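The values are calculated or read from the model by the stated rules, or taken from the named source; none is laboratory data. Just so it is clear, the structure is predicted and the values come from calculations on it, not from any experiment. Please note: Cβ atoms are built from the backbone with ideal geometry, for glycine as well, and neighbour counts cover all protein chains shown.
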Amino acid sequence: MDSILYSTPDNPVPENRTEGFFESFDGRKLRYAVFRCEQPVARGTVVVLQGRNEFIEKYFETIRDLTAKGLWVATFDLRGQGGSERLLKDPLRGHVARFSDYERDLTVFLDKIVLPDTRLPFFLLGHSTGGLIAMYSAPRLASRIERMVLSAPFIGLTGHGASPGLIRFLSGAFSTVGLGRMQFSKKFKERPFSENPVTTDEQRYRRNAGISEAYPQLSLGPPTARWLSQALRAIEQVNRPEHLFSIPIPTVMLSPTRDGVVPYVDQERVSRYFRAAQLVPIHGSKHEILQERDIYRNQALAAIHAFIPGSDAETNAYELEAGA
């Protein structure tokens with residue numbers, strides 16, 4: 001069978017994997033992959049939740065970092081993006097009917113793929129929208145997920161011409177009158193590398209752009225009014241202190257101080273009420289920490305490996321006890 005994952009010269013598909021499609025609660029087919037480590041005894045499985053307009057291929061480098069530490073990785077493309085089934089006739093429209101559909105997809109993925117086919121214990125790594133999904137779902141995941149890492153979780157909005165309040169009002173109004181499938185713009189403005197809000201690493205930026213150029217079917221355009229309205233409602237939900245208090249899963253928030261998508265101040269504020277979370281600022285990093293220059297990316301990886309048992313946790317604990 002031909003691979004359903006895509007390779008480019010500077011981004012080869014990792015070996016030792018299983019890939020396919022699983023059927024979610026409403027019959028939508030979502031693309032997934034499980035990557036195994038070389039070690040005979042795995043130390044757990046990291047479930048990776050992507051950001052909006054991302055796809056499995058973008059995480060090949062990070063997947064290799066995790067499997068090298070004796071961890072398995074299980075991930076899937078969110079509904080309506082990447083290699084998963086699109087939701088509208090126009091495949092470029094980033095859409096979702098209800099934000100809770102993401103949580104239901106995650107639950108099905110855990111039930112159908114992660115629980116029967118991977119190794120305990122289970123951890124969760126969510127970036128941007130994936131981080132928002134994780135926080136939204138977390139009160140109901142405590143019996144399954146041991147620890148979470150949130151990379152620049154999508155809990156606020158910046159970098160747009162309109163204020164978050166106006167975007168919330170307009171997207172909600174459009175959805176209410178039956179125009180939820182409309183987009184406020186038809187395509188993203190092409191930005192030169194020097195003006196991009198996500199990374200200071202030109203090589204990784206070009207690599208990711210090259211994947212989209214080689215396989216345009218993986219890419220997505222701007223979100224619909226419905227997607228924005230649902231995402232902003234989810235942001236409002238997870239920002240409530242009572243929601244944050246209800247999350248028992250030990251969590252690390254990796255927060256880039258130069259984030260041009262999610263305001264750093266919002267991430268810092270949430271961490272004050274998120275009793276189970278520890279904020280780890282990545283000074284100088286832009287939004288996509290795991291696509292950043294090594295000086296920033298390595299800080300994030302070190303925090304992940306120190307926090308998730310099965311990587312460097314035992315070594316770090318010994319060094320702390322020894323006063324290293």
Inside segment 238-248, the number of residues satisfying the requirement of being within 20 Å of the chain's Cα centre (by Cα) and either hydroxyl-bearing (S, T, Y) or surrounded by 20 or more Cβ atoms within 10 Å (Cβ to Cβ) (or both) is 3
From the residues in segment 260-284 that are part of a loop (DSSP other than H, G, I, E, B) and in contact with a strand residue (DSSP E or B) (Cβ under 9 Å, 6 or more places away or on another chain), which one is farthest from R144 (Cα to Cα)?
-> G284
Counting only strands (runs of 3 or more DSSP E) wholly inside segment 1-115, the ones holding at least 1 residues that are farther than 30 Å from S185 by Cβ and either modelled with pLDDT under 95 or more than 20 Å from the chain's Cα centre (by Cα) (or both) are 17-23
Scan R226, R240 and give me the residue that is among the charged types (D, E, K, R) and out of contact with any His (no Cβ under 7 Å at 6 or more places or on another chain).
-> R240
Just give me the residues in segment 109-131 being surrounded by fewer than 20 Cβ atoms within 10 Å (Cβ to Cβ), in contact with a strand residue (DSSP E or B) (Cβ under 6 Å, 6 or more places away or on another chain) and not charged (D, E, K, R), in sequence order.
-> P121
L66 vs. criteria within 24 Å of V198 (Cβ to Cβ) and surrounded by fewer than 22 Cβ atoms within 10 Å (Cβ to Cβ) = no
Residue list for segment 236-255, filter: in contact with a helix residue (DSSP H, G or I) (Cβ under 6 Å, 6 or more places away or on another chain) and not in a helix (DSSP H, G or I) = S246, I247, I249, V252, M253, L254, S255
Condition met for A134 (in contact (Cβ under 8 Å) with a residue 12 or more places away in the chain, on the phi > 0 side of the Ramachandran plot, buried (at least 21 other Cβ atoms within 10 Å of the Cβ) and touching a strand residue (DSSP E or B) at 6+ places or on another chain (Cβ under 6 Å)) = no
Does R233 count as over 21 Å from the mean Cα position of the chain (by Cα), outside any loop (DSSP other than H, G, I, E, B), closer than 19 Å to F154 by Cβ and at pLDDT 90 or above?
-> no
